[in-house]
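The structure under discussion appears below in the form of structure tokens.
Throughout, read-outs are computed from the coordinates displayed, never taken from laboratory work. Computed from a predicted structure; not experimentally measured. Quick reminder, even Gly has a Cβ in these numbers, built from the backbone with ideal geometry, and neighbours come from all protein chains shown.
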There are 2 protein chains.
Amino acid sequence: MPSEALRTAHPELDAHYCGPLLRIESHIIRCHRQIEAWFRAQWLKHPAPFYASVDLRNAGFKLAPVDTNLFPAGFNNLNHIFDPVMVQAIQAAVEHSCPEAKDILIIPERHTRNLFYLESLAALVAFVEMAGFGVRIGSLEPITEPVNFDLPSGRTLTQHPICRVGKRIEVDGFSPCTILLNNDLSGGRLEILDDLEQTVIPPIELGWWKRSKFEHFSIYQDLTRELCATIDLDPWYLSPLMRDCGHIDFLKREGETCLQSQVQELLAEIQAKYDEHQIKEKPFVVIKADAGTYGMGVMTAQSADDVTQLNRKQRTRMSASKEGLGIDRVLIQEGVHSFEKVSIHQDDDRYVAEPVIYMVDHFVVGGFYRVHTEKGVNESLNSPGAAFVPLPFNEACSLPSPDSSPDSERNRLYVYGVVARLALLAAAYEYQMIREADAATEQMAGDVA
Amino acid sequence: MPSEALRTAHPELDAHYCGPLLRIESHIIRCHRQIEAWFRAQWLKHPAPFYASVDLRNAGFKLAPVDTNLFPAGFNNLNHIFDPVMVQAIQAAVEHSCPEAKDILIIPERHTRNLFYLESLAALVAFVEMAGFGVRIGSLEPITEPVNFDLPSGRTLTQHPICRVGKRIEVDGFSPCTILLNNDLSGGRLEILDDLEQTVIPPIELGWWKRSKFEHFSIYQDLTRELCATIDLDPWYLSPLMRDCGHIDFLKREGETCLQSQVQELLAEIQAKYDEHQIKEKPFVVIKADAGTYGMGVMTAQSADDVTQLNRKQRTRMSASKEGLGIDRVLIQEGVHSFEKVSIHQDDDRYVAEPVIYMVDHFVVGGFYRVHTEKGVNESLNSPGAAFVPLPFNEACSLPSPDSSPDSERNRLYVYGVVARLALLAAAYEYQMIREADAATEQMAGDVA
């Protein structure tokens, strides 16, 4: 990333909606002590997952998360000014999850031809090494010898064949007690990871084979309601409204009537909120696969007709997610406009952007703007052609500055960090619920036997 | 601190001694994974004190700590680029020592007229607030109303009268569960801190009324020996030789013969090490009060005669430390030259400098160079007239970069961080020993009763 980009990342909001956002931000900054105390109490009871990235959308009158990735990529897009914070957070996170760890085996995604992903992986390896751990990468591909990748950044990455030896995974005699998963398990659970005596972080239960976006955002809504009650803020400012619709099959047009009516109801609910807050925008909803990521299986709708009038190609597109995982359930979520604009190069035009915030343990460790030159304020930016601009130089999300303007980089980023951490906390609750459900299932199985 | 200073802080070593240092540094950087693994295992068993600053001296052929302050001041001299690291470390530290804390009461030193100290205190308050805690300062001075200080930096600091209510300390109804001590208790333990139900961090046992520099450096020597054995390095490179001499009274000339012979022996021991490593410098020793700080009660000697030929004034100076605390024991320590030079302003001459490294919990959170325009390579710089230059911009001690030169800022600072953390770890052991000794005393008292 050229250093020019670093200097121009200061985002610009459409002046029209600055007013409400400044009010929301000011309120959050003023309440930062209550907010931090609330988070501290939460983390004590609900430890944060190892890492996460959260996509936010800033509509000015509203700021909300739209995706929470618990196996993040994009580490190569972070501003190096955050390196010390990242390294310190990794040390704290490993201390929390596996205090005796000396070495770490990383198991990445399979797509070895995606240079962006490989650069992210190389950056992740470098961070973990800087934190003082020995690192190897174990490949899930059917390779029999180590494979080297020379990356555009000049880094070299080596992926090793992994093998299962009893209850352990090894690469080339390297058998550390900790396995760091950077694979979101969209394709289902992996047999090789079952029943290991090594610690897998994050746990495989947080993969997309098990998670549900609807569950995640339900918890997020509850938590936002709780936090907002303590600081006296309308939770709608931070939380998208949503609907769920049970089983769906876009190709067979099953569940279409339900989808149609839910979209209609949700649009009406959003319109009511817009009226309440005198917002003149046109409401829209985003329909997305309940599990999975990568911006696949996502569509927007401004009316119920948009759902019924899908053509064959659009239906096919809505039927499959990453790694061919079928879509049989969708989340219908309030669309949040992005009125934030960032230029990719200095003196360049500004384009629609959404902040992506990174966390390790419960610490904010950086982020970037996802910028798209060809997308509008009400479209998903997580699609081919997106560019990445690191968060502004010399600032960090963890530090509010009550004496500065809420519009200052520092304070805007603090507020982003609050919303991103709320989503992270929702994931922590999610994990707890998944475990409790699994335990109940086992209990039932035991009772039947 | 003007931004010019930030850009010129890159230290320069006398070329003569660069060679040996580069070898030591390269070795440490190469071994950074073993070193980090060793530290991790240590911190698990011996939690770090809340905060510390460590004065280092870099002779090129040797790099060693000369003072470990567990109630540090100087927070105003840190480079703001480290702010996020500092805030994150404070959050982790409070989590470790008092996870439920929402507010923190700081009890500072008494010297309310020292603007440097008050600026440091204001910076500390700002850090703790940024970490999300409510903060008040409780004064040990006999004040009855809050006193405001307007500082040169533009900050305002308010000190409140403290009162003891049962087993708690309060200021103006503010009675948090955590008291952060920024007073090194040189003057002895404070009755108001005895038998509190609130958590005092760091514990009062780490004050100078209880600590001994000789104990500290004995533990430091042991730990350095242990770490150096794992990475195959002569521990002398990181550790000053030393002697102790029991009771001493400079005014009454008690203990003088012992002091003289110990100085002589220590000088001979240093000379032998110099010969072994072909070092042409003249050995010297530093004699310093076994308890206390602030650069008081410190003298250097190049021969035993330097000790016997002290005049009345010099003897008086060696008899009293900070807050009039008498000196009845001294540490005789190998003097470490400082061949490191730093300029105070851009394009200015370079002067003798020593790095001071700050830690919170077991994390390195910044530091500065203490620079003195009027002192030589073998003199204490901790004296009036010292200036402070923040550590170089855009770098952090926690991150080694094995691909860069050991002479790079990043790697030099990593090495400083290793030595500083060794001293911090020694303090962690010290606390454990003090507690064990206290428990044994209580046990004996119990047995007698």
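List of remarks:
- Distances from B:Ala440 to itself in the other copies, using label points 7 Å out along the Cα-Cβ axis, amount to 5.6 nm in increasing order.
- Taking every alpha-carbon pair in the stretch A:75-209 and binning the separations at 10 Å intervals from zero gives 12, 43, 38, 7, 0 percent.
- Neighbourhood charge, 10 Å Cβ-Cβ cut-off, centred on B:Asn76 and excluding it, Lys, Arg +1 and Asp, Glu -1: 0
- Ascending list, in nanometres, of distances separating the B:Pro402 label from those of the other copies (7 Å, Cα toward Cβ): 4.6
- Centre separation in Å (Cα based) which lies between the stretch A:157-188 and the stretch B:95-168: 50 Å
- Across B:Lys288/B:Lys341; A:Lys280/A:Lys341; A:Lys102/B:Lys213, pairs whose alpha-carbon gap is larger than 31 Å: A:Lys102/B:Lys213
- Relative frequency of Cα-Cα separations exceeding 40 Å in the protein assembly as shown, percent: 44 percent
- Amide H contacts under 5 Å for A:Ser139, placed H, 5+ residues apart: A:His160, A:Ile162
- Measuring max minus min along each principal axis, the C-alpha atoms of chain A give extents of 64, 54, 42 Å (largest first).
- Other residues whose C-beta falls under 14 angstrom from the C-beta of A:Thr441 contribute a net charge of -3, scoring Lys and Arg +1 and Asp and Glu -1.
- Qualifying trypsin sites (Lys or Arg not before Pro) for the stretch B:186-291 [loop in DSSP, other Cβ within 10 Å: at most 10]: B:Lys252, B:Lys280
- Of the trypsin sites (Lys or Arg not before Pro) found in the stretch A:60-146, those that fall in a DSSP loop while having at most 15 other beta-carbon atoms within 10 Å are A:Arg110, A:Arg113.
- For chain A, averaging the sequence separation of C-alpha pairs within contact (under 8 Å, six or more residues apart) and dividing by the residue count gives a relative contact order of 24 percent.
- Each Lys or Arg adds one and each Asp or Glu takes one away; over the other residues whose Cβ falls under 10 Å from the Cβ of B:Ser218, this sums to -3.
- For A:Phe284, residues with placed amide H under 5 Å, excluding near neighbours: A:Gly335
- Length gained on full extension, A:Ile231 to A:Thr373: 47.4 nm, using 0.36 nm per residue less the C-alpha separation.
- Hydrodynamic radius (Kirkwood) for the stretch B:171-232, which is based on Cα pairs only, to one decimal in Å: 14.2 Å
- Euclidean distance of C-alpha centroids, the stretch B:323-390 and the stretch A:22-94, integer Å: 38 Å
- Overall dimensions of the stretch A:241-335 as given by Cα atoms, namely Rg and Dmax in Å: 13.3, 43
- At 7 Å out from Cα toward Cβ: A:His111 inter-copy label distances (nm, ascending): 6.1
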